[in-house]
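*Asks:* Have a look at this one.
Quick note: the coordinates plus some simple rules give every number you see, no bench work behind them. Here the structure is a predicted model, which is why all the values come from computation and not from measurement. Methodologically, a virtual Cβ is constructed for each residue, glycine included, from the backbone with ideal geometry; neighbour enumeration extends over all protein chains shown.
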Amino acid sequence: MLELRELELNEKDIFNKIKSAKTIALFIHINPDGDCLGSGVALKIWLDSQNKKCDVYCDDIVHDNYSFFVSNYVQNCDIKQDYDLLIALDCGDINRLSKYSSYFSNHKNTINIDHHISNTKFAKLNYIKDCSSTCEILYTLFENNNIAIDNNIALPLYCGLATDTGCFMHNNTTPNVHIIASKLLSFGLDIEKIHYFLFQRKTLNQINLMQVALTHFISYYNGELTILYLTAKDFEQTLTNERDVMGLGIVNLITNIDKVRVGVVISESKTNCYSVSFRSQGNDDVTLIASNFGGGGHKKASGCKIFGTKNTVIKKIVDAYKDIYAGNNSIK
Ligand SMILES: [Mn+2]
């Protein structure tokens with residue numbers, strides 16, 4: 001974590017760099033969520049208003065549920081022009097930029113704005129703050145620098161804040177988060193529409209996937225660790241894909257089962273390659289388990305990719321759980 005003074009210096013540097021850049025590219029992570037999309041869209045709208053040429057890149061598809069605030073601001077094409085400045089938003093490490101990562105790491109003028117405690121500080125200038133969301137960092141940067149926010153900027157910022165706090169239910173929902181949310185709401189946001197698209201709307205295929213998922217979980221260590229699996233075949237049968245899992249809240253559902261300490265969902269994203277989400281209920285730090293497999297995230301929510309068949313992936317997780325939490329829990 002950077003010291004406060006360093007953060008203040010970096011904040012000045014960020015604005016100086018933005019001021020002197022005419023063309024700026026923003027990068028957000030693969031499997032895009034409300035926070036990276038919200039921060040990308042909010043920053044783009046402001047930069048456009050400052051007569052900068054700004055583009056937002058993401059090497060992935062944006063889920064329908066986010067279209068109401070993302071519209072066509074985000075692109076996934078090859079980069080055909082040079083930019084004066086590149087900014088990564090909400091990316092804990094360079095691999096989250098996927099096909100854009102080498103372009104980013106070879107550029108001389110880069111900024112990394114993020115709130116993941118596991119951030120690898122891969123840019124020339126890194127602004128990493130331990131708080132709820134990248135949207136909270138951006139809001140604070142705007143406020144500290146007297147940048148006027150309008151309802152077009154308030155909407156994506158609110159969406160990021162709401163997403164990363166799990167609709168203001170995770171333990172990163174500080175009093176300051178509510179203060180910011182209240183200021184953003186004062187721009188007249190349509191709260192019902194926002195919450196419907198961000199948290200409630202499901203496709204029928206997603207509900208079919210949920211039905212399959214609920215028959216696919218296994219408990220270990222007297223129910224402390226629960227793992228739910230979804231294979232390529234499950235996605236095929238329900239006409240869904242890995243992206244549909246995120247909006248279902250399955251990982252929260254299994255972590256909320258009584259006595260569960262860590263809930264895990266593994267989804268086969270490619271043959272023998274599983275995307276893994278970890279959640280903890282209580283004090284266990286699940287970045288420890290994700291970083292064991294080259295991933296990262298937050299204390300109570302983290303993720304990684306693990307290669308292998310379904311059974312070997314599950315065994316790797318079960319073994320890692322025991323190695324990491326043994327001595328500090330009740331595993332026998
Ligand atoms: Mn985030």
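*Asks:* Got a sec? Charge dipole of the stretch 104-167, +1 on Cβ for Lys and Arg, -1 for Asp and Glu; which of Phe104, Ala148, Cys131 is way out at the positive end?
*Replies:* Positive-end residue among those listed: Phe104.
*Asks:* Distance from the Cα centre of the stretch 174-195 to that of the stretch 209-272, in angstrom?
*Replies:* Cα centroid to Cα centroid, the span is 31 Å.
*Asks:* Estimate the FRET efficiency between Lys310 and Asn146 by the formula 1/(1 + (r/R0)^6), using the beta-carbon distance for r and 51 Å for R0, to the nearest 0.05.
*Replies:* 0.45
*Asks:* Continuing with this model, one more query. Identify the residues of the stretch 1-42 with backbone N under 18 Å of a label point that sits 7 angstrom from the Cα of Ser67 along the Cα-to-Cβ direction, or state none.
*Replies:* 32-34, 37-38
*Asks:* If one computes the Cα centroid of the stretch 111-125 and of the stretch 48-98, what distance in Å separates the two points?
*Replies:* Comparing the Cα centres of the stretch 111-125 and the stretch 48-98, I get a distance of 17 Å.
*Asks:* Let me ask something else. Along its three principal axes, how long is the chain when you only count alpha carbons? Whole Å, largest extent first please.
*Replies:* Result, largest extent first: 58, 42, 41 Å.
*Asks:* So, R0 is 25 Å and r is the distance between the beta-carbons of Glu236 and Arg201; what FRET efficiency does that work out to, to 0.05?
*Replies:* 0.60
*Asks:* If r is the Cβ-Cβ distance from Lys22 to Met169 and R0 is 56 Å, what FRET efficiency results, to the nearest 0.05?
*Replies:* So, using R0 = 56 Å, E works out to roughly 0.85.
*Asks:* Related question: Kirkwood hydrodynamic radius (Cα pairs, Å) of the stretch 1-150?
*Replies:* 15.3
*Asks:* Can you give me the three principal axis dimensions of the stretch 180-301 from its C-alpha atoms, in Å, biggest first?
*Replies:* Principal-axis extents of the stretch 180-301 (Cα, largest first): 47, 37, 29 Å.
*Asks:* Here's another thing I want to ask about it. In Å³ and rounded to a whole number, note down the convex hull volume per residue for the Cα atoms of the stretch 95-197.
*Replies:* Roughly 128 Å³ of hull volume per residue.
*Asks:* How large is the dipole of the chain about the Cα centre if only Lys and Arg carry +1 and Asp and Glu carry -1, each at its Cβ, rounded to the nearest 20 debye?
*Replies:* Using Cβ point charges on Lys, Arg, Asp and Glu, the chain gives about 460 debye.
*Asks:* If you don't mind, there's one more thing I want to ask. Would you work out the relative contact order for the chain, in percent, from Cα pairs under 8 angstrom that are 6 or more residues apart?
*Replies:* For the chain, the relative contact order is 12 percent.
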